[in-house]
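We did not get these values from a lab; they are worked out from the coordinates using the rules stated. Just so we're clear, the structure is a prediction, and the values are computed from it rather than from any experiment. Because the Cβ atoms are built from the backbone with ideal geometry, glycine has one as well, and the counts that use them run over all protein chains shown.
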Amino acid sequence: MPLPKGSIVTSGFGPVAPPDAQVRVAAEQRQGQLTKPDGSLGRLEVLGNWVAACQGVCPPKQFARARVVVFAGDHGVARQGVSAYPSEVTAQMVANFLGGGAAVNTLAAVAGATVRVADISVDADTDPRVSAHKVRRSSGSIDREDALRADEVDAAIAAGRAIADEEIDAGADLLIAGDMGIGNTTPATVLIATRTGTEPVAAVGRGTGIDDAGWIRKVAAIRDAMRRARPVAKDPVELLRVAAGADFAAMAGFLAQAATRRTPVILDGVVVTAAAVLAADLAPGAQAWWLAGHRSTEPAHALALKHLDLEPLVDLGMRLGEGSGALTALPILRAAVATLSEMATFAEAGVSTAAEPADSSVELQK
């Protein structure tokens with residue numbers, strides 16, 4: 001049954017105000033005063049203007065506390081052979097994150113970000129440092145049962161909101177959501193294909209690198225899950241409960257709350273973007289505060305980006321998750337901030353501006 005209208009989850013988010021339009025105009029004007037031909041830095045200029053509008057100040061400030069939160073959770077559907085790896089890898093990778101040995105750790109160090117891990121629904125006991133917001137152990141196998149109970153989806157969305165508040169209150173000025181969970185591209189594809197009206201075979205990718213037999217099993221599981229999800233397709237909370245999982249619900253809450261708190265976010269791959277599709281339903285207008293870091297090789301990711309009208313910064317054939325694609329894009333966003341805030345203007349540098357067009361009233365001497 002759908003949650004009652006006005007429930008604590010749905011009433012907590014409302015329409016999100018966009019970034020400051022007047023500051024964006026000021027940033028656009030400043031771009032024309034910098035020592036470069038107008039528009040010559042291409043999309044870097046657009047990105048810098050967006051950051052200024054998000055911060056409400058021009059020139060914008062360089063990010064001082066970029067923060068990655070990796071949401072970890074297991075999925076019962078992994079038992080149906082939809083992944084190349086066993087479910088116990090999720091808990092093992094959580095330990096690897098804490099030890100600093102994963103891709104997200106190395107990429108964060110290069111990009112000037114720090115990493116937090118949140119166990120939302122790992123099917124194991126994890127370090128107390130990461131399990132404060134744990135909702136349950138694993139989510140249900142969505143091809144044959146609901147992922148969560150009603151109270152659990154409420155708890156998971158609330159956990160994501162709380163994590164966003166904790167990070168922003170601690171000074172985070174840019175957030176990145178990452179994911180870790182064996183089998184999680186299956187619910188991600190279910191969510192995206194359901195919301196975009198796409199047939200399973202057109203949306204299913206190889207995930208962790210499954211073979212043809214695994215791909216066929218994955219298509220079947222997604223088809224069955226989409227059939228179960230169809231009655232609740234237009235209700236974001238119910239769709240998260242029936243066809244996603246606690247980690248997805250927490251990511252959706254996190255992304256919606258970040259936008260509500262006027263904090264920019266770089267989205268990662270298909271799993272995070274699937275959660276973003278539902279977060280945009282929870283908090284209309286939230287996507288104005290999000291930037292797509294990259295385009296993964298998963299077909300469903302391109303569908304989700306189109307649905308959200310987001311253009312990714314990089315396309316490097318990545319499909320790892322963890323926040324890796326968003327972190328790879330972060331230095332580009334830092335470059336956009338630096339050029340807008342640190343370049344000299346023509347007046348400051350004593351450089352001549354573009355020549356004025358010749359006076360057409362003056363006749364040429366013969």
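General remarks:
- Here the Karplus relation 6.51 cos²θ - 1.76 cosθ + 1.60, evaluated at θ = phi - 60°, turns the backbone of segment 28-36 into coupling constants of 4, 5, 5, 4, x, 9, 7, 6, 6 Hz, with x for every Gly and Pro.
- Alpha-carbon radius of gyration plus Dmax, which is the widest Cα pair, for the chain in Å: 22.3, 90
- Here the Karplus relation 6.51 cos²θ - 1.76 cosθ + 1.60, evaluated at θ = phi - 60°, turns the backbone of segment 291-297 into coupling constants of 10, 7, x, 7, 10, 7, 7 Hz, with x for every Gly and Pro.
- Here the gap between THR35 and THR114, fully extended at 0.36 nm per residue and compared with their Cα-Cα distance, gives a gain of 25.1 nm.
- The phi-based Karplus calculation (6.51 cos²θ - 1.76 cosθ + 1.60; θ = phi - 60°) puts the 3J(HN,Hα) values of segment 163-180 at 5, 4, 4, 4, 6, 5, 5, 7, x, 4, 10, 8, 10, 10, 9, x, 9, 8 Hz, whole numbers, x for Gly and Pro.
- Taking amide H as placed 1.01 Å from N in the peptide plane, the amide H of GLY178 sits under 5 Å from that of VAL69, VAL70, PHE71, each at least 5 places away or on another chain.
- With contributions of -39500 (n - 2.57) from each DSSP H run of at least four residues, the per-residue ellipticity at 222 nm computed over the chain stands at -14500 deg cm²/dmol.
- Computed extension length for VAL351-ASP309: 11.3 nm, one decimal, from 0.36 nm per residue of separation with the Cα-Cα distance subtracted.
- Full extension of the chain segment joining ARG230 with GLN22 gains 70.7 nm, where the gain is 0.36 nm per residue of separation less the Cα-Cα distance.
- Label point at TRP215 placed 7 Å out along Cα→Cβ; residues across segment 176-202 whose backbone nitrogen lies under 11 Å: 202
- Computed about the Cα centre, the dipole magnitude for the chain is approximately 480 debye when only Lys and Arg (+1) and Asp and Glu (-1) carry charge, each at its Cβ.
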